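All remarks here apply to the structure that follows.
The values are calculated or read from the model by the stated rules, or taken from the named source; none is laboratory data. Everything quoted here is computed from the prediction, not taken from an experiment. FYI the Cβ positions are ideal-geometry reconstructions off the backbone, even for glycines, and counts take in every protein chain you see. Each accessible area value is taken on the protein alone, full model and side chains, heavy atoms only, with ligands, DNA and RNA left out. Shrake-Rupley method; radii C 1.70, N 1.55, O 1.52, S 1.80 Å.
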Amino acid sequence: MGFGCPEVSNKSNQSVIFMYRLTVIPGDGIGPEVMEAALYILEVSEIDFSYETAHAGNECFKRTGSTIPDETISTSKKSDATLFGAVTTVPGQKSGIITLRKELDLYVNLRPVKSYEGTPFLFEGLDFVIVRENTEGLYSGVEKYTDDGAEAVRVVTRGACERICKFAFEYARKNMRKKVTAVHKANVLKKTDGIFKDTFYEVAHEYNDIRSEDFYVDATAMYLITKPQNFDVMVTTNLFGDILSDEGAGLVGGLGLIPSANIGDKNGLFEPVHGSAPDIAGKGIANPSAMILSMCMMLKYLGEVEESQKLEKALTKVLRDGKVVTPDLGGVASTMEMAEQVKTIFEGL
Ligand code: NAD
């Protein structure tokens, strides 16, 4: 059980058999603010759910001495899906989200980059997906000090490359996507990224209906600015995926708009790409869109495709109208005012 928050809640006052058990981890900074907005909207959804609040992040560390208590991990493991807000990471502390991804073996980090009408995007009509390997590579933060500095370890295994590349091609096939692009730096990281690139093409042989290509990460950073429309599904290693998805956020109007899914064979965790945003935390002006879109991804993962599409449609309308949106989108609405607007439209669909 969590630490004093409402432990179990459901969408109606009726006595229902809960269909989905969710874990909700609000986190730090704007994490709890965007989570409150998302759950407020979920109240009017057609699905039956219950949720348990669990804790992670810096505030949790101050209270419990851990950024990710065992209880949070076990609650999340037992649930049908986890919604995660954002956490503040303090140097020297164990990262709550990285630990959770590893413990739940959430090896896929799926980050859609889509330009919504009415938002401050740089390119109209963008709609591509970054599939980021989530369990190994430089982002794992395996480092040690040496006499003269420090070293970081970059582990890349064939098994992890194979399953992430397979996921990317399967995703492409199921979602009517036409092309998968592998992004690497195999000309310099000949062994680690060499394995990633070779495995990608081995997997690609099994998917002749989907086009495959590969680019170096530095060229990709440029292509994302010069011709981002050419991307469809991109698959890459952990750190490159992290960096390129923030570049993707810049293309479509900012971090407040980019959701993500962390998926494994047994569990799914859904979170905005943004962090705890200390510069705006407590002001009630965080854009809830990334959290709402993460919830759309969760609904799709749970098989509630219609509900997911309805929710995205409601948000799309609010963004297009541009009247009740947060300051990062050029409006003056608060987080909860924008959520209220989305909720009203969602309920009416
Ligand atoms: P950030 O994503 O928190 O903020 C970057 C910029 O984007 C800020 O100007 C912020 O105001 C803005 N922004 C982010 N989300 C927004 C939203 N929903 N609405 C409006 N504006 C938004 O990144 P940062 O400042 O580099 O990191 C802050 C903290 O978050 C750090 O401790 C970092 O380690 C942590 N972090 C956590 C996660 C996570 O929990 N998964 C991800 C990234 C960063």
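Treating only the Cα positions of the range 49-110 as identical point scatterers, give the base-10 log of I(q)/I(0) from the Debye formula at each q in 0.22, 0.28, 0.30 Å⁻¹. For the range 49-110 at q = 0.22, 0.28, 0.30 Å⁻¹, log10 I(q)/I(0) is -0.92, -1.35, -1.45. Accessible surface of Arg211, taken over heavy atoms with a 1.4 Å probe and every protein chain present, rounds to 150 Å². Relative contact order of the chain: what whole-number percent is it, with Cα pairs under 8 angstrom and at least 6 residues apart? Averaging sequence separation for qualifying contacts and normalising by length gives 21 percent for the chain.
Ratio of Rg to Rh for the range 226-349, alpha carbon only, Kirkwood? Walk me through the numbers on the way to the answer.
Details: Rg = 15.1 Å, Rh = 15.5 Å.
Using Cα coordinates only, the ratio equals 0.97.
Determine the relative contact order of the range 26-70: mean sequence separation of Cα pairs under 8 Å and six or more apart, normalised by residue count, in whole percent.
With pairs under 8 Å counted, the relative contact order is 40 percent.
Too long at a 23 Å Cα-Cα cut-off: which of Lys94/Lys283; Lys114/Lys191; Lys114/Lys178; Lys114/Lys343; Lys174/Lys310?
Values: Lys94/Lys283 28 Å; Lys114/Lys191 33 Å; Lys114/Lys178 16 Å; Lys114/Lys343 21 Å; Lys174/Lys310 20 Å.
Beyond 23 Å between Cα atoms: Lys94/Lys283; Lys114/Lys191.
A 1.4 Å probe, protein heavy atoms only, puts the accessible area of His55 near 20 Å². Dimensions of the chain along the principal axes, based on C-alpha atoms and rounded to the nearest Å, stand at 58, 46, 39, largest first. Dividing the summed -39500 (n - 2.57) terms of all DSSP H runs of n ≥ 4 by the residue count of the chain sets its mean residue ellipticity at 222 nm at -12000 deg cm²/dmol. Taking only protein heavy atoms and a 1.4 Å probe, the accessible area of the chain is 52% carbon and sulfur.
Rounded to the nearest 10 degrees, the angle from helix 192-204 to the longest Cα principal axis of the chain is 80 degrees. Residues Val332, Val153, Val129, ordered by accessible area of protein heavy atoms at a 1.4 angstrom probe radius and largest first, appear as Val332, Val153, Val129. Tilt of helix 217-226 relative to the longest C-alpha principal axis of the chain, in degrees (0 to 90, nearest 10)? Compared with the principal axis, the helix lies near 60 degrees.
Take the alpha carbon atoms of the range 107-256, find their radius of gyration, then divide it by 2.2 N^0.38 Å using N residues; give the quotient. It would help to have the intermediate numbers written out before the result.
Numbers: Rg = 15.7 Å, N = 150, 2.2 N^0.38 = 14.8 Å.
Compactness ratio reported: 1.06.
Helix 305-321 axis versus longest C-alpha principal axis of the chain: approximately 80°, rounded to the nearest ten.
In the range 107-256, Cα pairs under 8 Å separated by at least six residues give a relative contact order of 35 percent.
Calculated FRET efficiency, Lys190 to Ile225, Cβ-Cβ distance, R0 = 22 Å: about 0.20 to the nearest 0.05.
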